[in-house]
1. Are any residues in region A:37-54 crowded, with 17+ Cβ neighbours inside 10 Å and within 8 Å of chain B (Cβ to nearest Cβ), and if so, which ones?
2. Can you pull out the residues in region A:9-45 that are touching a strand residue (DSSP E or B) at 6+ places or on another chain (Cβ under 6 Å) and either under 21 Å from B:LEU100 (Cα atoms) or among the acidic types (Asp, Glu) (or both)?
3. Just need a number here: residues in region B:104-117 that are in contact with a helix residue (DSSP H, G or I) (Cβ under 8 Å, 6 or more places away or on another chain) and open to solvent by 10 Å² or more (accessible area, probe 1.4 Å).
4. Hey, does region B:15-26 have a residue that's touching a residue at least 12 places away in the same chain (Cβ under 8 Å) and of a type in the set (Asp, Glu)?
5. Within region B:25-48, how many residues turn out to be in a strand (DSSP E or B), closer than 19 Å to A:THR134 by Cα and more than 9 Å from chain A (Cβ to nearest Cβ)?
6. Specify the residue that is modelled with the lowest pLDDT; the eligible residues are those in region A:169-213 that are open to solvent by 90 Å² or more (accessible area, probe 1.4 Å), part of a loop (DSSP other than H, G, I, E, B) and not basic (Lys, Arg).
7. State all residues of region B:59-88 that are in a helix (DSSP H, G or I), of a type outside the set (Gly, Ala, Ser), open to solvent by 20 Å² or more (accessible area, probe 1.4 Å) and under 19 Å from B:LEU129 (Cα atoms); if no residue qualifies, say none.
8. Within region A:1-36, how many residues are part of a loop (DSSP other than H, G, I, E, B) and open to solvent by 60 Å² or more (accessible area, probe 1.4 Å)?
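The values are calculated or read from the model by the stated rules, or taken from the named source; none is laboratory data. Nothing here was measured: the structure is a model prediction, and the numbers come from that model. Quick reminder, even Gly has a Cβ in these numbers, built from the backbone with ideal geometry, and neighbours come from all protein chains shown. For the accessible areas, the whole protein counts, side chains as well, though only heavy atoms, and no ligand, DNA or RNA atoms are used. Shrake-Rupley method; radii C 1.70, N 1.55, O 1.52, S 1.80 Å.
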Amino acid sequence: MKLFVSEGNPHCLKALAALEATGVQCGVQFVNHDERVVPFLSRPTLPALALPSGQYLFSSNAICRYLFEVNGQECSELCDQWLEWEATVLQPALQQALHMAVLQGKSSEVSKVLQGPIDVLEQSLSKRNTPYLTGDSVSAADLVLWAGFFPVLSDSSPTLGEHKSLKAWFDRVAAMNACQSAAQKVLQGKGLQGMKSYMQRQPAPQSSQCRETQPCNSN
Amino acid sequence: MALRELSSLEKYLGQKKANKYSTQGDKKVPVLQNNNGPPLVGLVTIACHLAKEAKRPELLGDTAESRAVVQQWLEYRVTKLDSCTKEDIKTVLKDLNLYLQDKVYLAGNQFTLADVFMYYGIHPVIVDLAIQDREQYVNVTRWFDHIQRYPGVRHHLPPVAVLRNRIYTSRHH
């Protein structure tokens, strides 16, 4: 089994943190952003996990879920729900936020774009009152969401002052050795600037305000 | 759209009691009211819950590997496929065509929820596809035809005649 990652790619942060947290035996290879690792995908997609069967996983969330399951921790329904929320709600907002912060130098706009998802997370954490998103121990959902927020929260930092539960959760996950080590490997202490060459290769984000073409199957 | 898909899945699973759904936000994300706990939110999350409740865990994959592959394609459906533009769709079809080259189903040899929801999601695309394109993406077309004929899956969607009889094409055209 082998995990392919690239520097400055925030999705690789998820996979590396999950690999270190679970301790699953797996080789890690750093490649360039534009290396096509997954044979059937036209666009370079990282991280990618080559499975023992020869199949590839190309979704960072599926990779994290797999590593936790191999380690004996299956994803609960609550975990499923956070992973789906991360992919469908948080990621589009994050892509827009990172595009503005890293490429356009508009760090001040970041908190506006992320306000919605931040409120959702704060509300849920304060209501449940557990140390981690799905209970008393770390799940794939914690690492996936932490890694999503890490680049923006660790750098220009939209103030989390009023979001006490979110801040406590974020600091708790960020303090894990697995997360610190993954962050060092992927961003090398350069924060948002460490993501510049990755972001330059990404298509400009679609947002509801600036979408030029309608989705092809919006019925 | 999402609610009709979930209702078709319930019929496929043979569930008798009707679940109560609502939607949330502009994108009309499905929400399942759950008697035993807080509501579940999201098409993939709810679909997986229904399969487990119907005691059909094999629809989610029967090994850790295939479970991850199934989740990956379910995620692909609600992220890439649902938000893709007319231009992106060519890449989606091309990639899927290459992926399906040596596979019967998305998770290999086993029919799973990934097939069901990728089929529902790609149906409007296949309907709009010109005949030549359907032949260009022959592995996608073959898989699509296979799933739409799979007993109990199609429900709310009209059948699409995707394959023309190719036996005579070289002589008669």
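1. A:LEU41, A:LEU51
2. The answer is A:VAL37, A:VAL38.
3. 6
4. Looking through region B:15-26, none of the residues is touching a residue at least 12 places away in the same chain (Cβ under 8 Å) and of a type in the set (Asp, Glu).
5. 2
6. A:GLU212
7. B:LYS80, B:ASP82, B:ASP88
8. Number satisfying all stated conditions: 7.
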